[in-house]
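The structure appears below as structure tokens.
The values are calculated or read from the model by the stated rules, or taken from the named source; none is laboratory data. Since we're looking at a predicted model, the values are computed, not measured. Cβ placement follows ideal geometry from the backbone for every residue including glycine, while neighbour counts extend to all protein chains displayed. The area values use the complete protein model at the heavy-atom level, side chains included, leaving out ligands, DNA and RNA. Shrake-Rupley method; radii C 1.70, N 1.55, O 1.52, S 1.80 Å.
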Amino acid sequence: MQELPRPPWYRQVWMLNLAIAVVVVAALVAATVVLGSRWDRRANPTMVKGIPSATTQGDRTETTQPATTLAPRTTAKAEPGVLWQKSGREGLYGGLFEVPNRWRLVWSFNCQSFAKYGGGNFKISGEGKLDGVSVQRFAVKGSGSERVAGGGRGRLVIETVCDRWTVKAMTP
């Protein structure tokens, strides 16, 4: 029986590099699948069961304008019972904060510049321990309050095209 000649060193190195590349690609694919499934869960979160304070007719939410003007994005002093509060004119990826087991999510928005299209989109979603939070409305103006069960540390993400909005996390 005749033995095959040993391949030159450069072919051995090439085969080793190929084996390493295959392992790296397999690890990247596995990480993408794992992380991708986490993003899929965020893309379609469960709705918060709450008591809306706005009257809904079809796709429009009819509400009264809040009595006070909307606070600027950086509010120096929060009112009693407010755990977290932000206002703005564009979307926001909020910072981490902590809520008790029972709390309220209070929100309002004004999409007057989208009135000719029937309104604008306003969406609040949660991350971390707040990943069950999900509010989405399409209207010219709207406001509401949702009671939320389940506390912990997390963040709120506001996605909107609206002119002004305010979101508060408050004690019950």
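Could you give the radius of gyration (one decimal) and Dmax (whole number) of the Cα atoms in the range 98-172, in Å?
Final numbers for Rg and Dmax: 12.9, 41 Å.
Would you calculate the separation in nanometres between label points at THR32 and TYR117, each defined as 7 Å from the Cα along the Cα-to-beta-carbon direction?
Distance between the two pseudo-spin positions: 3.2 nm.
Among SER145, ASN121, PHE97, whose Cα projects farthest towards the positive end of the dipole of the range 81-166, with charges put on the beta-carbon of Lys, Arg (+1) and Asp, Glu (-1)?
Comparing the listed Cα positions along the dipole, SER145 ranks first.
Determine which residues of the range 97-120 fall in the zone a paramagnetic label at VAL82 would reach in this model, i.e. backbone nitrogen under 11 Å from the point 7 Å along Cα→Cβ.
Under cut-off, by backbone N: nothing.
Counting pairs of alpha carbon atoms under 8 Å apart in space and at least six apart in sequence, what relative contact order in percent does the range 84-144 give?
This gives 32 percent for the range 84-144.
In the full protein assembly as shown, how much of SER134 is accessible to a 1.4 Å probe, in Å² to the nearest 10?
Rounded to the nearest 10, the figure is 10 Å².
Of GLU146, GLU3, GLU98, which has the most accessible area with a 1.4 Å probe, and how do the rest follow in descending order?
Accessible-area ranking of GLU146, GLU3, GLU98, largest first: GLU3, GLU98, GLU146.
Would you rank MET1, MET170, MET15 by solvent-accessible area, highest first, keeping every protein chain in place and using a 1.4 Å probe?
Sorted descending by solvent-accessible area, the residues read MET1, MET15, MET170.
Can you give the accessible area of ILE124, probe radius 1.4 Å, in Å² rounded to 10?
Here the accessible area works out near 0 Å².
Counting Lys and Arg as +1 and Asp and Glu as -1, each charge on the Cβ, what is the dipole of the range 107-160 about the Cα centre in debye, to the nearest 20?
Dipole of the range 107-160, to the nearest 20 debye: 100 debye.
What residues have an amide H closer than 5 Å to that of SER134, excluding those fewer than 5 places away on the same chain, when H is modeled at 1.01 Å from N in the peptide plane?
Residues meeting the amide H criterion: VAL48.
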